[in-house]
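A short write-up of the structure that comes next.
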Amino acid sequence: MIGWAMDDNYKTGLIDTDITMAARNHQIADGAIFHADRGSNYTSAQFAATLKKLGIRQSVGRTGICYDNAMAESFFATLKNERVHRTVYPTREHARRDIARYIEIRYNTTRRHSGLDYRTPQQVYDEYLKKQSAA
């Protein structure tokens with residue numbers, strides 16, 4: 001399981017921790033792009049420095065255009081509807097483990113997406129890795 005941070009706040013440090021863990025756990029292509037909305041966490045100098053250190057380009061959505069983050073919004077709506085709102089978590093650690101397990105085992109391996117030509121996120125990732133190893 002990949003592991004990711006969870007806290008009782010949504011400050012820039014939490015996002016820094018998550019993107020740093022992702023970069024540590026996965027090979028990120030040179031010039032990869034991190035796209036987010038215009039929230040202060042994502043547009044902060046601290047977060048920009050973290051992305052630069054990791055070799056990741058920063059992209060933010062256009063003001064007033066909700067479609068820029070539609071895929072992310074869809075993911076979080078699915079996560080909440082299929083898992084979070086149906087579960088009572090006795091502790092934050094229990095929630096973190098359960099949500100990570102849901103994402104890694106259920107969502108990524110079985111949930112097909114129209115935006116991915118009706119393939120699962122795992123299928124798309126596996127195809128990406130195969131292309132990388134062939135190059």
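Nothing in this text is a laboratory measurement; each read-out follows from the coordinates by a stated rule. None of the values given here were measured: they were computed from a predicted structure. Note: ideal-geometry Cβ built from the backbone for every residue, glycine included; neighbour counts use all protein chains shown.
Across the chain, the relative contact order, built from alpha-carbon pairs under 8 Å that are at least six residues apart, equals 19 percent. Tell me which of GLN46, THR63, ILE105 sits at the most positive position along the dipole axis of the chain, charges placed on C-beta atoms (Lys, Arg +1; Asp, Glu -1). About the Cα centre, the residue reaching furthest to the positive side is ILE105.
Just rank ILE28, ILE99, ILE65, fewest to most, by other beta-carbon atoms within 10 angstrom. It would help to have the intermediate numbers written out before the result.
Details: ILE28 15, ILE99 18, ILE65 10.
Neighbour counts put them in this order, fewest first: ILE65, ILE28, ILE99.
Taking a ≥ b ≥ c as the square roots of the eigenvalues of the Cα gyration tensor, the stretch 1-61 is oblate, since a/c reaches 1.5 or more and a/b is not larger than b/c.
The charge dipole of the stretch 1-61, taken about its Cα centre with unit charges on the Cβ of Lys, Arg, Asp and Glu (plus for the first two, minus for the last two), comes to roughly 220 debye. Counting neighbouring Cβ atoms within 10 Å and putting the fewest first, the residues SER59, SER133, SER44 line up as SER133, SER59, SER44.
For the stretch 91-130, the relative contact order comes to 25 percent (Cα pairs under 8 Å, sequence separation of at least 6). Set the Förster radius R0 to 30 Å, insert the Cβ-Cβ distance between ASP126 and ARG97 as r into 1/(1 + (r/R0)^6), and round the FRET efficiency to 0.05. Between ASP126 and ARG97 the formula returns 0.75. Computed over the chain with a Gaussian network model linking Cα atoms closer than 10 Å, the most mobile of ASP117, ASP98, ASP30 is ASP117. Placing +1 on each Lys and Arg Cβ and -1 on each Asp and Glu Cβ, with no other charges, gives the chain a dipole about its Cα centre of roughly 120 debye. Suppose R0 equals 25 Å. What FRET efficiency, 1/(1 + (r/R0)^6) with r the Cβ-Cβ distance, do ARG24 and ARG111 give to the nearest 0.05? In this case the efficiency is close to 0.50. Here TYR10 and TYR89 are evaluated by their C-beta separation; at R0 = 22 Å the FRET efficiency comes out at 0.80.
The stretch 78-114 and the stretch 17-58 have Cα centres spaced 24 Å apart.
Eigenvalues of the alpha-carbon gyration tensor of the stretch 80-135, scaled by 5 and square-rooted, set the equivalent ellipsoid semi-axes at 29, 14, 6 angstrom, largest first. Taking each DSSP H run with n ≥ 4 as -39500 (n - 2.57) and averaging over every residue of the chain yields -14000 deg cm²/dmol at 222 nm. To the nearest whole percent, what portion of all C-alpha pairs in the stretch 21-135 is separated by more than 18 angstrom? Percentage above 18 Å: 65.
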